[in-house]
Amino acid sequence: MTQKTVGEMVQSRRDLLKLGGLGLLAASADAVWPLKLAASGSKVHPRGNARNVLFFEISGAISHVESFDFKENPGTPKDLDMRKVRPDLYLSKKLFPHLENHLDKLVILRSMLSHEEVHFRGQYYTQTGRQLNVAFAREIPSVGSVIAMELEPRRRQQDTFPTYMSFNLDKAFPGALSTGFLPPRFSVVDINPDAAVKGMALDQKAVELLEERWRLLEELRKAERARLAGYGKEMEGYEAFYDTAHRLLTDERWPAAFQIAEGDRKRYGNTTVGISCILARNVFAQDAGTHYIHICHPGWDHHVKIWDHKAGSNHYMLCNEFDPAFSSLLEDLSTIRSKTDPSKTLLDETLVVGLGEFGRTPGALNNMAGRDHYNKCYPALFAGAGVKPDRVLGRTDSQGAKCLETGWNHKEQPRTENVVATMYSALGIDWSKEIRNTPSGRAYVYVDPLGPNSYIPTDEISTIYG
C-alpha cells in the first residue's frame, strides 16, 4: 500500500461515507424483507450471457439527427465533416473521431420511444424503468438496486465491492435514487469521480488505527444493542453501510481501482466522464463483487446555442467529452482479460448500454438556436456480451421525426422498459417477476407492462444479438 497519514486515512473514510451515502440516505424506511415473489404468468427465458452490465446515461439528450441518426436539415452545422462509414450510417468526423474505429463493437438502435419529455421524469424513468407516479415513488427501487438484490446469492466470500455502483449520478436531475421498499444494503454507492481519484490508500499504521476504532465501535454496538433496536430498520441500514465501508477500506483492491495512469487520462479525455469510464473499467477489472455500474454524463440539454462555438456549453464540447471516453472504454474492455474466465475479455462478459432519456427536435433550430426535447425517436447503443456488432437497427423518416422500422420483433417501438428487460435477461434475471408485499400493497412488476395509454411489450430487445 502507498504511504498515507492517519489524518488522511480519516479523511478518506469520511469521503467514502460521503460518496456512498446518497443512495443510503434516500432509502425508504418502509423496506420489506423477505419479499413475496411471484411469476406474472409471462414465460421468459433469461439469457444469462453477461456477468456485468454497464449503463452509460447520455443525460440531457443528445441530438440524434446530428449523431447516430444523421439527417441533414436547416439546423445542421456546416463543419461536422460527415462521413459515410456504413451503407446505413453517417458519422461526424469532428464530433466522433474515435468512435468510428469501434463501430465493430456496437449495435445502434434508432427507434427508441420515451413516455417522457421532461428531464426529471425522463431521468427517473431511466433509473427505474417506469413512469413517475408520486403516489408510489417512495417505494420504487432503482433498476440497480433490483439487480443488487437479485445477485446477492451469487456474491462470493471475497466480494467486498458493492454490487451496484455509479459515477456522477448525483448530477442527474433526480440524483441517485433509493432502494425503495428494498433494504438499504442494496443501495447504490455513487462516486464523485473527481474526488475519488485523490486516493484512498492506507498505510499499516492507519489500518491498525482503523481496526482499533472498529473494535471499539463493535463493543459500543453490543452495549447499546437493546436501545438501538428501537430505531428499527434505519439503524440496521446504517450498520450495514458501515460494515461495507470497513470491508472496503481494508481491501487492497479498492484503492487499486482508483489509481489512474496519466496515459489513460489523456486517452479518455481527462474529463469527469472520462475519469468515470476509467474507474468503471478498473472496478470491473478487479472482479470484487460489482456487477452493475451506472455512469452519468450530464449537460446535453442545449435549448440555446447548441452549435455555437462561443457558447459556454454546446454539443461540440459534450461530444468531444463523450467520444474519447466511451471509445476508450470499449477498447479497454475488449482487451482486458476476465479474472474469472481468462479465455474471455471484460467486454465478452459485460453488456454495455448507452442511452439518454429522449432525443432532440429534428429539423430547423428553435428561435434560440437550440433544439428542444423530442421523445418520438432517439437512439440506443449496445455492445459486448454476445451482441452482434457493426449493425444499425430501426429506421426513421428523412427528418428523423417518425419511426418507419422498429428494429425488433414488435410493431411497437422499443422503450426504456425493453432496455431494462434486456439488461435483466443478460444477467440471468427473470424480468417477469412480481413482488406482492410492497408497503402500498400494489404489486411491483420488474418490467412494467402499463404504458401511458395501454399495455406495452415487455420483451428484451433480442435483435441486438442477431
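Just checking, does the stretch 309-322 include any residue being at pLDDT below 95, assigned to a loop (DSSP other than H, G, I, E, B) and surrounded by fewer than 19 Cβ atoms within 10 Å (Cβ to Cβ)? Looking through the stretch 309-322, at least one residue is at pLDDT below 95, assigned to a loop (DSSP other than H, G, I, E, B) and surrounded by fewer than 19 Cβ atoms within 10 Å (Cβ to Cβ). Does at least one position in the stretch 89-106 carry a residue that is acidic (D, E) and touching a Pro at 6+ places or on another chain (Cβ under 6 Å)? Looking through the stretch 89-106, at least one residue is acidic (D, E) and touching a Pro at 6+ places or on another chain (Cβ under 6 Å). Please work out which residue is surrounded by the fewest Cβ atoms within 10 Å (Cβ to Cβ), limiting yourself to the stretch 374-392 and to residues that are over 15 Å from L113 (Cβ atoms) and among the small types (G, A, S). Here the answer is G386. Any idea which residue in the stretch 104-150 is nearest to S67 (Cα to Cα), counting only those that are without any contact (Cβ under 8 Å) to a residue 12 or more places away in the chain and not aliphatic (A, V, I, L, M)? Here the residue is R121. Can you name every residue in the stretch 106-147 that is of a type in the set (K, R) and surrounded by fewer than 17 Cβ atoms within 10 Å (Cβ to Cβ)? Of everything in the stretch 106-147, just one residue is of a type in the set (K, R) and surrounded by fewer than 17 Cβ atoms within 10 Å (Cβ to Cβ), namely R138.
Filtered by the rule that a residue be under 20 Å from the mean Cα position of the chain (by Cα) and not in a helix (DSSP H, G or I), the stretch 135-148 gives I140, P141, S142. Let me confirm something: among T361, T438, which residue is within 19 Å of S111 (Cβ to Cβ) and of a type in the set (S, T, Y)? Of the residues listed, the single one that is within 19 Å of S111 (Cβ to Cβ) and of a type in the set (S, T, Y) is T361. Residues in the stretch 393-418 that are touching a strand residue (DSSP E or B) at 6+ places or on another chain (Cβ under 6 Å) and among the hydrophobic types (A, V, I, L, M, F, W, C) were compared, and the one that is surrounded by the fewest Cβ atoms within 10 Å (Cβ to Cβ) is L404.
Results for (1) of a type in the set (G, A, S); (2) modelled with pLDDT under 95; (3) surrounded by fewer than 19 Cβ atoms within 10 Å (Cβ to Cβ); (4) touching a helix residue (DSSP H, G or I) at 6+ places or on another chain (Cβ under 9 Å), shown as yes or no for each residue.
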site: A38; (1), (2), (3), (4): yes, yes, yes, no
site: G48; (1), (2), (3), (4): yes, no, yes, yes
site: V53; (1), (2), (3), (4): no, no, no, yes
site: I58; (1), (2), (3), (4): no, no, no, yes
site: V65; (1), (2), (3), (4): no, no, no, no
site: K71; (1), (2), (3), (4): no, no, yes, yes
site: G75; (1), (2), (3), (4): yes, yes, no, yes
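You will find that of L132, L182, L177, the residue that is under 14 Å from the mean Cα position of the chain (by Cα) and in a loop (DSSP other than H, G, I, E, B) is L177 and no other. Please verify whether the stretch 329-349 includes one or more residues that are among the basic types (K, R), surrounded by fewer than 18 Cβ atoms within 10 Å (Cβ to Cβ) and outside any strand (DSSP E or B). Yes. Taking residues in the stretch 289-314 that are farther than 30 Å from R253 by Cβ and in contact (Cβ under 8 Å) with a residue 24 or more places away in the chain, and partners anywhere that are charged (D, E, K, R) and surrounded by fewer than 20 Cβ atoms within 10 Å (Cβ to Cβ), the pairs with Cβ atoms closer than 6 Å and at least 6 places apart or on different chains are H303/D372.
Taken together, T335, T350, T361, T340 contain a single residue that is of a type in the set (V, I, T) and within 20 Å of the chain's Cα centre (by Cα), which is T350.
Contact map, the stretch 77-98: first residue closer than 23 Å to R267 by Cβ, second residue among the charged types (D, E, K, R) and part of a strand (DSSP E or B), Cβ cut-off under 7 Å, separation 6 or more or different chains; pairs are L91/R83; K93/R83. At least 1 residues being out of contact with any Cys (no Cβ under 6 Å at 6 or more places or on another chain) and either of a type in the set (S, T, N, Q) or at pLDDT below 95 (or both) is the threshold, and among the helices (runs of 4 or more DSSP H) wholly inside the stretch 231-277 those reaching it are 233-249, 253-257. Just a yes or no: is a residue in the stretch 260-280 among the aliphatic types (A, V, I, L, M), surrounded by fewer than 16 Cβ atoms within 10 Å (Cβ to Cβ) and closer than 16 Å to I336 by Cα? Yes: one or more hits. When you go through L151, L217, L210 one by one, which is the residue that is assigned to a helix (DSSP H, G or I) and at pLDDT 95 or above? Of L151, L217, L210, the one residue that is assigned to a helix (DSSP H, G or I) and at pLDDT 95 or above is L151. Every listed requirement among (1) surrounded by fewer than 24 Cβ atoms within 10 Å (Cβ to Cβ); (2) in a loop (DSSP other than H, G, I, E, B); (3) touching a Ser or Thr at 6+ places or on another chain (Cβ under 9 Å) is met by H102 save one, (2). For L95, state whether it is assigned to a strand (DSSP E or B) and under 26 Å from L351 (Cβ atoms). Judged against the criteria, L95 is not a match.
The values are calculated or read from the model by the stated rules, or taken from the named source; none is laboratory data. Being a predicted model, the structure only gives us computed values, none of them experimental. We place every Cβ from the backbone using ideal geometry, glycine too, and count neighbours over all the protein chains shown.
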